[in-house]
Structure formats: C-alpha cells, structure tokens
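One structure coming up, written as structure tokens, with questions to follow.
The values are calculated or read from the model by the stated rules, or taken from the named source; none is laboratory data. Predicted model only: the values in this text are computed from it and were never measured. Positions of Cβ are backbone-derived with ideal geometry, glycine not excepted, and every protein chain shown enters the neighbour counts. Please note that ligands, DNA and RNA were not included when accessible areas were found on the heavy atoms of the full protein model with its side chains. Shrake-Rupley method; radii C 1.70, N 1.55, O 1.52, S 1.80 Å.
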Amino acid sequence: MNAVVLISYVIAVVVPLFALYLIWALDLFSTGGGKIIGICFAWGAVGAFIPAYIVNTALIKEIGASNLTRFGAPIAEEVLKAAVLIFFIYRPSFRYSVDGATYGFAAGIGFAMSENLFIYLDGAGDAALAGAIGRVLSATLMHAAASAIVGISLGRLRRAKTRRYGPPVAGIALSIALHVGYNNVVRELSGTVLLLAAIGIGIGGGVVIAVLINQALSEEKRSFGTVLNIDTGVSTGERKAIQRVGAAEMEQVFGDLRERFGDETTSLIRRLFATQANIGILQNNLSVPASDRLRAAWKREIAGLEVQMRDIRQQLSGYINTYLEEMFPPGDAGLWDSINTALGESDPTLVHTFDTFMRMSELAQSFDPEQLVAMAESLHQAEIFHNVPLYHLENLSRALTVMNLAEGQMLFEKGDAGDAMYLVRVDEDVQHTPDLMLGIEIFVNEDEVFRTFGDGGVVGEFALLDGRPRSASARANCNLTVLALKQQVFRRFISSRPAVIHAMLQYLAEKLRYTTDAVETARDRASKIARGEYDTVKAMTGVSTQILKQETGPDAASLGPEELSPDTEQSVGRLFGLLAHTLARRERQAPKQPPHTGRLDAVE
Amino acid sequence: VDIAEQLAQSQASIFKGVAREHLDALVGKMTRRVYNDGDVLCEVGDEGDSMFLIVAGRLRIYLPDESGHELTFRYYEPFQTVGEIALLDHKPRSASVAAAADLNNPGAPIEVMVLHRDAFGEFLNERPAVGLSMMLDLTARVRYTTTYLGKITEAVGRLLEGEYDRAIQEVGQDPAGIQEQHMIAEFIRMVQSVQRRQQGAPD
C-alpha cells in the first residue's frame, strides 16, 4: 500500500468521524445523549452495511449491476439504514422531532464510511485519492442527508398529536429518490462535472433537511403560541393589550418543555427565564428617577444576573439555546411581559413582582430620589430594618403611601386588623408645649399613653410580618403625616429578595432570644419563690427595694413583639422581685394562719 | 440514618415547617464531624456561627464558673439541634458545648452534622420560599411566646393583689410550646406552694 492509498483511506475514515464528533461537541441533540448517536453510527457502518452488502450481492445476479446501482441498492440501503431510526425514535424517552434528523445523519455517515472503505477504495489503486475526496464530499453527504430526511419525518410523526402517515412515507420516498438520483448522475457523468453534480446533490439533501427541521420548529412554536394565546398576526402592542398569560398556561409551557428536554433541563430553563425576566425588570427600574446608590445597586444586580444567565446558557446545550431563542424571542417585549407576570404568579420568589407592580401602577414616580433617601434612612432606624441594606429600603420606600392626620385623629384602634406599618413625619414648625413629644401616641386606656413615636419613628412594624389585630390604639397628638407600608406590598417586595428575608429572620431570631430569656427567667424565679427563696429572687434583680416598688413590669396589655428588647428579661426579673418582696411581707404579717378564705391582702 | 427526616422531627428546630425536599438540600450543605468524649465544640463567648445536629452520642451544655468548675445545664440527644439561632443572629454563644459519650455506648465517637451560617445563607439564596416559610413560623413563635409572657405578667399582677386562683386562671390552659409549658407548670407550682405556706399547711 503506497502513501496515496494510505492518505485516501485516512480521509475516508477521519472526515466522517469528524462530522460525528461535531454532532457530539455541539450537543446537536436533546434526547438520549451521545451514546445513541454512536449506536446509530455503528448501525450504519456495520448493522446496515453488512446485510446491504449481502442483499446487493444477491440482487446483482437477478437484476444486473446497472439496475442494482440505479434502483435496487438505493431502496435496500435506505430501508436498512432507517431500521435503527424506527427503533430509537419510538422509544418512550424520545422527546424532540429534530433529534430524528440527527440520528439519521449519524446512521448515514456510518454507512457511507463503510461503503467508501470496502466498495469504492477497495482496489482503486492510485486513483484512490481523487475518488476518496469526491466520495467523502458527495456520497457521505448524500447518505447522511437521505437518512436524516427519514429521521425527521419519523420524528415528526412520533411527536405529532394526530397520526398522519403521509409525511413519513413521503420522507422515505424522498430519501430513496435522492439516493437514486445521485447514483444515476454518478453513473452518467465523469470528471469535474461528476464531482460538481455529486456535491450539488449532497448539498441539495442538506437544504431539504434544513427545510424539514424548520417546519418541525414552526410546528413546535405554533403549539406554544396556542398555549400562550399568541396570535402571530397581531402586533406586539396589540398583543400586550389583549394577552394575559396566566400561571396555568406558563406551567403548561414548562410541562411541554419537560416532556421534550427532561426535568433537569426544564428547571434550568425556568431559572433562565426568571433571570432574563429580572434583568428586564431591573432595566425598566433604571428608567425612573432614583438615587445614585439605588441605581448602582440595580446595575450591580443586573451584572450579577447576566453572569448567572451566561452560566445557565453554558449548562444548556447550544442547540437548546437556539431553540429557546427561536421559540421565545428575547426582543418580544409583549411576550416577555406576559411571561414575567406568569412566572411571578406561579412562584413569587422567582421574579421581582414588586418592581413590576411599581412600574405598572405608576407609583414609582411619586417621590423624588432625595425623599426616598430620607425615608430609607428613617426606616433603617427601625429595629426590623436594621439589617436591611439602605438601597433595598430606598427601593421599598417607593411603595409608601402618604396619609395626613389631624390632631386627635386615630391612626388605628385596638383590635383593628394590623395590615400596615407607619413611618411618622412631624413638621418642624408645629407649635407645641416643650415637654410634649409630638407624634403618634400609643395607648390602651385613653388617659394612659405608654409610648409616643415622634418624627421618623416607625409604628407597628410587626404587622408587616403577621398582620394580627392591633394590641393597642394609636392617635396623632398634632397635625402630622404618616407614610404607610402595606403588609401585602412588603411581602411582594421581600419574596424575590433572599437577602431581605434573611434580615427578617435575623430580626425574628433576636426577638426570639429576648422571649426565650424572659421565659427562662420567669421559670427560674417561679421555682425559687416556690421554694421560699424570696431574698435570692430580690437580690437577682440587682436593684434596691425602693426601685423595685416602682416596678410595674412590662405592660401586659401592650406587650407586643415590637416592645421585646434585652430589657424584657430584666423587667420580668424585677416583676418577680416585687412579687417575692410582697409575698415575704405577706407571710411575715400572717404567719401560719388557719385556712384563708376570699381575697388576700392587697399590695402594701 | 435518614438525617433530613430526623431534622424534620426534631422538636425545637427552626426547620420544623420546612418541606422534606428542602431539608434534603439543607443536609447537603452540612459537614459531618466526629468527636471524642469531652472534646469542646464551642465555648461561651465565641461568635456563634453554626448549628449542630447530633447524629450519635450527646452534647453537653455547660458554663464554667469562677473556680473553674463546670456547671452542666443539660444534655442534648441524637437528632436534637444545638445553637440553631446562631445561624440567624450574630450573638456570642451563651454557653459552652462539649461532646459527651452515649451512656449505653461509652466508647463510640460522637457524630455531629454542622451547618455553618454561610452555608445556610447559600441555602436561603437558592430557596427563598423556604426562607419565607421559616419567617412565618418564627413570627408565629415570637408572637405566641410574647402572648404567654403577657399572661404571666398579668398573673403576677393578680398575685400582687392576692388573687391566687385568678392568677392560675390567667395563665390559662396547656400551651403548645415546650418552653411555655415548663414556665406555666413552674408558675402554677409556685402559686400552690405559696398558697399552702400562707394557709399554714406544712411545706
């Protein structure tokens, strides 16, 4: 074997293997993975080639070499190559019609490789090099194209809702026709003309596949369009006005995608959609007035999301990315508005529905950036927002609504639903007596105000978390303004912002620690009093009897979670200290008396 | 052992209301550590940055006193969590924690799953819905305990006025939380012994 022959053999093997490698490297398939592609290739090279060789050898005796090449062989070979496609396409896990084309392509190049090696190069001698190049470029393409046509038509039949057998029959007929055409042309022509014609037929096959794949993709797109209620003849603007994709429709879309690409890929696609949605939402945010700090934070978040999006895209195959761009074009604002809304409805933690709500309701423009900065700083003073970054609070402040209260007017009454938190604003110019703090007074009994929230104070923060009825009443003691933050709006805000949720958990953990400490203290003091250790309990308060006697304990009627602090435990301790003091005195005054009836002596 | 399942059943855990699939992911964020009897996991005053879930053996909670003696408060058993609140707030540890051998199996090492605060933060970022449900659970817990503290305060007020029976009524029925149950039980015991003492009955 000389060098020229060797080179032609190498070309005949390397080029088809390279084509196979391309399919694998570009991830040009979604179902079954690279293994199936390999099996299809092997089937073409061995499983289809050997019986085809036997059949052809038998036929040559019956119909002669000419007829065999022109008609017999194309029919036999196409049917044999198609056998493996039927097997793989009808497996239950086959999800995507275009994969049929990929399988066919692999089977075709496998068959062509064997045919080139064992039929055409075998004994071709020095003429082998030119033959190899011509063959590899044309016959391989023809074989691959013909089987790909069969594959895509079988795939479409498999995925179609109604079974129509016309297209797959036409598909196999077309593949045979292509093969017959090629073989006849190759027989009649020679030299450069032959080469050009052969390549032309090969490329023609490629075009036919492209058209068929395109058709399959439009079928898919139409089915999504029907689900999402998208009438393709309508402009984006009109569509935006009439179209309302709900969570249910969106789930149906994800259901379809899951069927095609499986669970893992679909959850990636869901994340991709959510990321894309959030980028759009934040970019819209940038078009409204906001402080530099808030804008910078939004830009930072966008940059972070873009990195995430690239990351997800890399995890998805190139082919699925193309598919998604084709099905859900990124430039279609109307479609994406609907997708965003639907995503938010099905899972509010996925997308920034708060920001969409701000834009749609046109609330976003009610304050200028300086006001937002000032409000954010006031909110930051409240315990509940202590761990929330200022830019988040600025964003949140956009949702505050202004309420004006006249002197003496009630903000809420005990027992009212706790559905909002209020930020108090008192005008500096309001006239008042020096010892009166202006603001919102909290009380249970009309004449016993136990707390006043002045300018910048935050009233009823726990309402943002649980909305329980108010445990006390609140009233304005001068003409003032409160900025209300509704629980509903707040929930919407934090849902898609884990950092803020984390800050809330931190706030709650602190409160929980205060209650736990206070409960432990109550338990400990109770057990000491039970044992008669009155002096110990008094001593543990760390204050004199004089101060103890002034102790009233945490105001039971008003003890809401907002009031919990490190002092709660101490004040529980003092309350028990006072109890110990009182009981000790009582026992000294009435030692070992007969059973007592009725009310015991009151506190001294 | 199915750690996620045990975590779900662990009574005091802040993860009580969290769905199974999420707990599996959370367990994935934990690291397994093995200790010998007496090994110290953290000391009082250390920055609390992780939660311990006991898999085998016990954990002893104690405070060293001035003379260097250790005052043991309690032991935690397998599948109880220690220091869960440290995941959320940044307070120093209120007591020291040491590994303690299982009484029935004194030679066996003590096995603990450790959840670091950063890993927990990562978990919350990936699953904000879990953070939301934990938030609601914690809110309810804080509200509930606050209500009971209010009741105790009211009841002490009654005692100061000498109304013993009303004080007991005030603290009410069996509360749901263990913490509150203990507090109420102790309170009622206190009222009863004070009553006995004042009525001249032997203590």
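Can you give me the accessible area per residue for the stretch A:401-540, using a 1.4 Å probe, in Å²?
On a per-residue basis, 43 Å².
Please compute, over every Cα-Cα pair in the stretch A:141-196, the percentage with a separation greater than 17 angstrom.
46 percent
Once the dipole of chain A is set up with Lys and Arg at +1 and Asp and Glu at -1 on Cβ about the Cα centre, which of A:366, A:276, A:262 lies farthest towards its positive end?
Checking the options against the dipole of chain A, the answer is A:262.
A follow-up question, please. Given A:511/B:16; A:511/A:538; A:486/B:91; A:511/B:29; B:29/B:151, which pairs have Cα atoms separated by over 29 Å?
Pairs exceeding 29 Å: A:486/B:91; B:29/B:151.
Something else: Please compute the Kirkwood hydrodynamic radius of chain A from all pairs of different C-alpha atoms, in Å with one decimal.
Hydrodynamic radius (Kirkwood, Cα pairs) of chain A is 31.4 Å.
Sticking with this structure for a sec: So what does the Cα-only Debye profile of the stretch B:45-92 read at q = 0.33 Å⁻¹, as log10 I(q)/I(0), no solvent term?
Evaluating at q = 0.33 Å⁻¹ gives log10 I(q)/I(0) of -1.08.
While we're on this one: Just the number, please: carbon plus sulfur as a percent of the accessible area of the stretch A:29-86, 1.4 Å probe, no ligands or DNA/RNA counted.
Percent of accessible area from carbon and sulfur atoms in the stretch A:29-86: 74.
Here's something else I'd like to know. How many Cβ atoms of partner chains, on average, are near each residue of A:494-500 if near means within 10 Å of its Cβ?
Mean partner-chain Cβ count within 10 Å for A:494-500: 4.
Next up: Work out the mean other chain Cβ neighbour count within 10 Å for the residues of A:562-570 and drop it here as an integer.
Other-chain Cβ atoms within 10 Å of each residue's Cβ, averaged: 1.
Also, I was wondering about something else. With +1 on the Cβ of every Lys and Arg and -1 on the Cβ of every Asp and Glu, and nothing else charged, how large is the dipole of the stretch B:98-203 about its Cα centre, in debye rounded to the nearest 20?
Using Cβ point charges on Lys, Arg, Asp and Glu, the stretch B:98-203 gives about 280 debye.
Here's a follow-up. By average Cβ neighbour count within 10 Å, what is the ranking of A:302-308, B:97-103 from highest down?
Per-residue mean Cβ counts within 10 Å order the peptides as B:97-103, A:302-308.
Something else about it: With axes computed from alpha carbons, what is the tilt in degrees of helix A:3-25 against the longest principal axis of chain A, rounded to the nearest 10 within 0 to 90?
Result, in degrees: 30.
I've got another one for you. Choose one answer from B:134, B:113, B:183: the residue with the largest mean-square fluctuation in a GNM of chain B with alpha-carbon springs under 10 Å.
Fluctuation is largest for B:183.
What is the projected area of the convex hull of the Cα atoms of the stretch A:457-588, averaged over all directions, in nm²?
Averaged projected hull area, Cα only: 10.8 nm².
Is the stretch A:271-343 best put as rounded, prolate or oblate by its Cα gyration tensor, with a ≥ b ≥ c the root eigenvalues, rounded for a/c under 1.5, and otherwise prolate when a/b is larger than b/c, oblate when not?
Oblate shape, in that a/c is at least 1.5 and b/c is the bigger or equal ratio.
List the trypsin sites (Lys or Arg not before Pro) in the stretch A:307-368 that DSSP assigns to loop (not H, G, I, E or B) and whose Cβ has at most 12 other Cβ atoms within 10 Å. Which are they?
When the trypsin sites (Lys or Arg not before Pro) of the stretch A:307-368 are filtered for loop state and at most 12 Cβ neighbours within 10 Å, nothing remains.
From other protein chains only, count the Cβ atoms within 10 Å of every residue's Cβ in B:154-167, then give the mean.
Shielding by partners across B:154-167 averages 5.
Next up: When you count, for each residue, the other Cβ atoms within 10 Å and take the mean per peptide, how do A:374-383, A:55-64, A:462-471, A:39-48 rank with the highest first?
Peptide ranking by packing, descending: A:39-48, A:462-471, A:374-383, A:55-64.
Given the alpha-carbon gyration tensor of chain B, what are the semi-axes of its equivalent ellipsoid in whole angstrom, ordered largest first, with each equal to the square root of 5 times an eigenvalue?
36, 24, 15
Could you let me know the centre-to-centre spacing of the stretch A:389-430 and the stretch A:164-217, using Cα atoms, in angstrom?
75 Å
Give the average over all directions of the projected area of the C-alpha convex hull of the stretch A:242-391, one decimal, in nm².
10.2 nm²
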